[in-house]
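To keep things clear, I will list the structure first and then write my remarks on it.
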Amino acid sequence: MRELINVKRLFGKRIIIGFVDDDFCAKSNEEIKAFCNRYEEYVGLPFFCASTPSSINKEKIGALISAGLVRLEMGIQTTSDKINKEIDNMPVLMEKAVEAIKFLEKYRYKVDLCFDFILDNPWEKEDTLIESLNFILTIKKLVSILLFSLTLCPGTILYERGTKESLLKMKCLKYMLKTI
């Protein structure tokens, strides 16, 4: 909180604070409320954060909006439960994502809603990718859709798996062939 107060002192009200965390809303309702109360009292600047479909609820979104939330980014990644569980290690079922999107629709005029999807996961098959793209088309307007590439970073489980399965070599080879 001290750091945020210093940032406010340096920049005034000209900034938006970003909490870059895979799931800021994974905290309990009580922790979110306590943070929001302190943030609103001592900082009071607009902010954005990220969530997952399974961590957002009415109490949290109400407290966050009251404290100054202007943008909520929610990682959905894919409509495939299998990919979310086995590959991305995310226990988020598509059913929960649909439920969260419907729940958040009523806040889309108060908060910039942004939903994240990954389009080039090497373990995802074309049929589930098309399913995800079709799902994106059903989402009501006034939201942002961010499309990402899956990045296999050294030192991660997915990087190790990709290396063992020669996916990194294949991806590099495909890229080199495209550029020739």
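Would you confirm whether any residue within the range 98-110 is farther than 21 Å from L69 by Cα, modelled with pLDDT under 90 and either in contact with a strand residue (DSSP E or B) (Cβ under 8 Å, 6 or more places away or on another chain) or not charged (D, E, K, R) (or both)? There is no residue in the range 98-110 that is farther than 21 Å from L69 by Cα, modelled with pLDDT under 90 and either in contact with a strand residue (DSSP E or B) (Cβ under 8 Å, 6 or more places away or on another chain) or not charged (D, E, K, R) (or both).
In the range 158-179, of all residues being loosely packed, with under 11 Cβ neighbours inside 10 Å and modelled with pLDDT under 85, the one that is farthest from I87 (Cα to Cα) corresponds to T179. Across the range 4-55, the number of residues qualifying as without any contact (Cβ under 8 Å) to a residue 12 or more places away in the chain, over 30 Å from E95 (Cα atoms) and either among the small types (G, A, S) or not assigned by TED's automatic domain parsing to the domain that holds A97 (or both) comes to 1.
Number of residues in the range 30-42 that are closer than 27 Å to I76 by Cα and surrounded by 14 or more Cβ atoms within 10 Å (Cβ to Cβ): the value is 4. So, L45, is that one among the hydrophobic types (A, V, I, L, M, F, W, C), in contact with a Ser or Thr (Cβ under 9 Å, 6 or more places away or on another chain) and buried (at least 18 other Cβ atoms within 10 Å of the Cβ) or not? No, not satisfied. Inclusion of K85 among residues that are within 23 Å of S144 (Cβ to Cβ) and within 19 Å of the chain's Cα centre (by Cα) is not warranted.
For the range 104-127, which residues satisfy the criterion of being more than 27 Å from F47 (Cα to Cα) and surrounded by fewer than 16 Cβ atoms within 10 Å (Cβ to Cβ)? Write out each step before concluding.
Of the range 104-127, the ones more than 27 Å from F47 (Cα to Cα) are 119-127.
Scanning the range 104-127 gives L119, D120, P122, K125, E126, D127.
Evaluation of T151 against the conditions (1) part of a strand (DSSP E or B); (2) exposed (fewer than 12 other Cβ atoms within 10 Å of the Cβ) shows that the sole unmet condition is (1).
The values are calculated or read from the model by the stated rules, or taken from the named source; none is laboratory data. Being a predicted model, the structure only gives us computed values, none of them experimental. Cβ sites come from the backbone with ideal geometry, for glycine too, and all protein chains shown count toward neighbours.
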